[in-house]
Amino acid sequence: MTETVTVRVPAKVNVQLAVGGARPDGFHDLANVFLAVGLYDEVTVTAADELRITCEGPDAAQVPLDRTNLAARAALELARRYDIDPAVHLHIAKDIPVAGGMAGGSADGAGALLACDALWGTNASRDELLDICAELGSDVPFSLVGGAALGTGRGEQLTALEVGGTFHWVFAMADRGLSTPAVFREFDRLGEGLDIPEPVAARELLDALAKGDPDALAAAVSNDLQPAALSLFPALADTLAAGRAGGALAALVSGSGPTTAFLARDPESASKVAEALSASGTCRTVRTASAPAPGATVRGHSPF
Ligand code: C5P
């Protein structure tokens, strides 16, 4: 009997991304406040003759279907650790923008890992799954746990954060992606010769999350990668301005970009911001989503 497992995994926005200087290993120490948002990829795993990946969705053509895909790397690493033949078909239903700064690739890695764990019955502990996630990439552990968390180190060491309400977001997707390493390199170039302080999470921001207060959160959001993303993609400034003019409480680049994120006071205001962004002609698509969203979740485990 062939079995299939489907896992749903959320996107993220960084409500604070404080970046330190470059480390000897090339990474940067971060104080990274992740918030999972209700835009999802779904990863479905089915036993097959050999490892293969397929992908559907508006950005599917940009998704690598070889072993560089984080979903494939996750399956291979779990199989290696448990001495299992990694012959599975991984199907990704992709709704999170590709190369958009919303951890879409990380979501697929975390989703494939949880799905293979369920399909193979490996029953890896949460700590072991998180360890594999951290090996795959700095944002992958957060894709597994969701909610809200502070990521330190290179972003992979997580502390769960309390969130006291629902936050309403609008996301504007750009017509091309940005490479995360290129944005960090631009951050280094812009900061050359400057004294870069140790990254720390802002108390006001953590309090605003805990209270569920959108005005306080809007006053506290920050992204140290934003000047670098704008330097590589100056037209993003027009998208940010269009969202602000449409009534957003805060407008910022999501992670390394180029997706831009807009915080709204309530669902009605989010719809107005979305309309203004769509009418502005400054972005490819606009989506609304609320936060926090749960982490990777097994949706179905059924015989085919
Ligand atoms: O960890 P991940 O593979 O997602 O990182 C992608 C790239 O982003 C790294 O190769 C590095 O260039 C940059 N990065 C960084 N510091 C971090 C996280 C990522 O410089 N804390």
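Scanning region 100-142 for residues that are among the hydrophobic types (A, V, I, L, M, F, W, C), in contact (Cβ under 8 Å) with a residue 60 or more places away in the chain and either over 15 Å from Asn69 (Cβ atoms) or not assigned by TED's automatic domain parsing to the domain that holds Val15 (or both) turns up Met102, Leu114, Ala118, Leu119, Phe142. Each residue in region 128-139 was checked for being away from the ligand (no atom under 11 Å from the Cβ) and under 16 Å from the mean Cα position of the chain (by Cα), and 1 pass.
The single condition among (1) in contact with a Lys or Arg (Cβ under 8 Å, 6 or more places away or on another chain); (2) free of Cβ contacts under 8 Å to residues at least 12 places away in the same chain that Asp85 does not satisfy is (1).
Of the residues examined, Gly155 is one that is in the same structural domain as Ala11 (by TED's automatic domain parsing), at pLDDT 95 or above and touching an Asp or Glu at 6+ places or on another chain (Cβ under 7 Å). When you check Glu198 against the structure, is it acidic (Asp, Glu) and in contact with a Leu (Cβ under 7 Å, 6 or more places away or on another chain), yes or no? Against the criterion (acidic (Asp, Glu) and in contact with a Leu (Cβ under 7 Å, 6 or more places away or on another chain)), Glu198 does not qualify.
For Phe142, the conditions (1) in contact with a strand residue (DSSP E or B) (Cβ under 9 Å, 6 or more places away or on another chain); (2) more than 14 Å from the ligand (Cβ to nearest atom); (3) at pLDDT 95 or above all hold with the exception of (2). Across region 41-94, the number of residues qualifying as surrounded by fewer than 19 Cβ atoms within 10 Å (Cβ to Cβ) and touching a His at 6+ places or on another chain (Cβ under 7 Å) comes to 4.
For Leu230, the conditions (1) surrounded by fewer than 23 Cβ atoms within 10 Å (Cβ to Cβ); (2) over 24 Å from Gly20 (Cβ atoms) all hold with the exception of (2). Note on region 271-295: residues that are of a type in the set (A, V, I, L, M) and outside any strand (DSSP E or B) total 6.
Within this structure, Glu186 fails the test of being closer than 30 Å to Glu128 by Cβ and without any contact (Cβ under 8 Å) to a residue 60 or more places away in the chain. Just checking, does region 191-213 include any residue being within 16 Å of the ligand (Cβ to nearest atom), closer than 24 Å to Leu277 by Cβ and not aliphatic (A, V, I, L, M)? Within region 191-213 (the criterion being within 16 Å of the ligand (Cβ to nearest atom), closer than 24 Å to Leu277 by Cβ and not aliphatic (A, V, I, L, M)), the answer is no, since none of the residues qualifies.
Filtering region 62-121 to residues that are under 17 Å from Val7 (Cα atoms) and of a type in the set (D, E, K, R) leaves Arg73, Lys94, Asp95, Asp108, Asp117.
The values are calculated or read from the model by the stated rules, or taken from the named source; none is laboratory data. Since this is a predicted model, take the numbers as computed values, not measurements. Positions of Cβ are generated from backbone atoms using ideal geometry, with glycine treated the same way; all protein chains shown enter the neighbour counts.
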